[in-house]
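See structure below.
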Amino acid sequence: MSPDFLDGNTSFYPCVCSQNPGGTEGDKKMGDADFPKMCINTEWGGLGDDGSLDDIVTSYDTEVDHNSINPGKQRFEKLTSGMYLGEVVRHVLLDLTRRGLLFRGHVSETLKTPGIFQTKYLSQIESDKLALLQIRSILQQLGLKSTCDDSIIVKEVCGAVSHRAAQLCGAGMAAVVDKIRENRGLEHLNITVGVDGALYKLHPHFSKVLEETAGVLAPQCTVTFLPSEEGSGKGAALITAVARHKR
């Protein structure tokens with residue numbers, strides 16, 4: 001049986017190239033479980049716009065949403081996308097500082113500036129190879145005077161935000177692949193996922209957490225993640241498909 005192919009960009013939106021039992025006989029391929037193939041773009045960035053994610057949305061997420069160009073829209077994207085994670089972190093740091101728990105309680109103009117804490121800083125700060133002094137150096141570049149204790153707290157905040165994002169993406173991926181397995185009536189499904197996006201490829205822990213989460217929540221599916229070398233979302237799925245076809 002051939003695998004299916006998913007792709008995602010920085011926000012990890014999958015495009016599922018699946019086999020549909022509802023297709024026509026002319027579309028079927030012998031030796032491929034007699035299922036015709038089709039491609040579905042899940043567009044899950046808007047998941048939660050109906051309030052279904054309200055139980056996991058924090059006050060920091062709400063602030064990011066209210067200050068975005070599309071309040072109330074793309075709620076799942078705002079929880080998982082590299083475009084928003086840095087801003088979520090900034091709001092957490094701002095709250096901790098106002099409560100006197102960070103940066104000696106000094107709320108700088110830098111910390112109040114939207115977009116100043118880019119997601120690339122999460123990847124740098126969470127690197128296992130980075131010492132606290134190097135984290136302090138990054139914060140100083142942002143105009144944030146910190147102590148070693150501040151650096152530890154900032155690293156914990158970055159880790160919590162990125163870990164949650166990866167788990168949410170993993171949960172979404174698990175739901176998709178397990179639904180494919182159920183629809184086919186299979187006890188076990190092997191599937192390949194083509195992935196694109198800087199967050200998945202450059203963050204030191206995001207990919208591992210995502211893959212582990214998908215494995216835990218969809219134990220009857222074996223998911224192989226294949227990062228694309230270049231190109232954006234749709235190209236990732238094509239690259240995966242071509243790579244699989246050449247095996």
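The values are calculated or read from the model by the stated rules, or taken from the named source; none is laboratory data. Since we're looking at a predicted model, the values are computed, not measured. All Cβ positions, even for glycine, are placed from backbone atoms using ideal geometry, and neighbour counts span all protein chains on display. Accessible surface is based on the protein model in full, side chains and every heavy atom, while ligands, DNA and RNA are left aside. Shrake-Rupley method; radii C 1.70, N 1.55, O 1.52, S 1.80 Å.
Among 132, 185, 142, whose Cα lies farthest out toward the positive end of the dipole of segment 124-210, if unit charges sit on the beta carbon of Lys, Arg (+1) and Asp, Glu (-1)? Farthest along the dipole direction, towards plus: 142. Net charge dipole, segment 48-189: roughly 520 debye, given to the nearest 20, about the Cα centre with Cβ charges of +1 for Lys and Arg and -1 for Asp and Glu. Over all pairs of different C-alpha atoms in segment 41-80, the reciprocal of the mean inverse distance, the Kirkwood hydrodynamic radius, equals 10.1 Å. Amide H contacts of residue 192: 4, 224, each under 5 Å away and 5 or more positions distant or on a separate chain (H built 1.01 Å from N in the peptide plane; Pro and chain starts excluded). Within the accessible surface of segment 104-170, defined with a 1.4 Å probe on protein heavy atoms only, the carbon and sulfur portion equals 53 percent.
Sort 99, 184 by heavy-atom solvent-accessible area, probe 1.4 angstrom, most to least.
99, 184
Here the calculated FRET efficiency for residue 160 and residue 95, from their Cβ-Cβ distance with R0 = 22 Å, stands at 0.95, rounded to the nearest 0.05.
If you take all other residues with their beta carbon under 9 Å from the beta carbon of residue 91, and give Lys and Arg +1 and Asp and Glu -1, the sum is -3. Placing a label point 7 Å from the Cα of residue 124 along the Cα-to-Cβ direction, the residues of segment 74-96 whose backbone N falls under 20 Å from that point are 82-94. Solvent-accessible surface (1.4 Å probe) assigned to residue 73 amounts to roughly 120 Å². Scalar couplings 3J(HN,Hα) for segment 117-133, obtained by applying the Karplus form with A = 6.51, B = -1.76, C = 1.60 to θ = phi - 60°, are 9, 6, 5, 4, 5, 4, 4, 5, 5, 7, 4, 5, 8, 8, 7, 4, 5 Hz; x denotes Gly and Pro.
Phi angles across segment 156-169 convert, under the Karplus curve 6.51 cos²θ - 1.76 cosθ + 1.60 with θ = phi - 60°, into 3J(HN,Hα) values of 5, 5, 4, x, 5, 5, 6, 5, 4, 4, 5, 5, 5, 5 Hz, Gly and Pro given as x.
Extension gain, residue 137 to residue 224: 0.36 nm times the residue separation minus the Cα-Cα distance gives 27.6 nm. Packing order of peptides 214-220, 124-130, highest average first: 214-220, 124-130 (average count of other Cβ atoms within 10 Å over each peptide's residues).
The magnitude of the dipole of segment 168-207, with charges of +1 and -1 set on the Cβ of Lys/Arg and Asp/Glu and taken from the Cα centre, is near 60 debye.
When each of the peptides 193-199, 50-56, 160-166, 221-227 is scored by the mean number of other C-beta atoms lying within 10 Å of its residues, the order from highest to lowest reads 193-199, 160-166, 221-227, 50-56.
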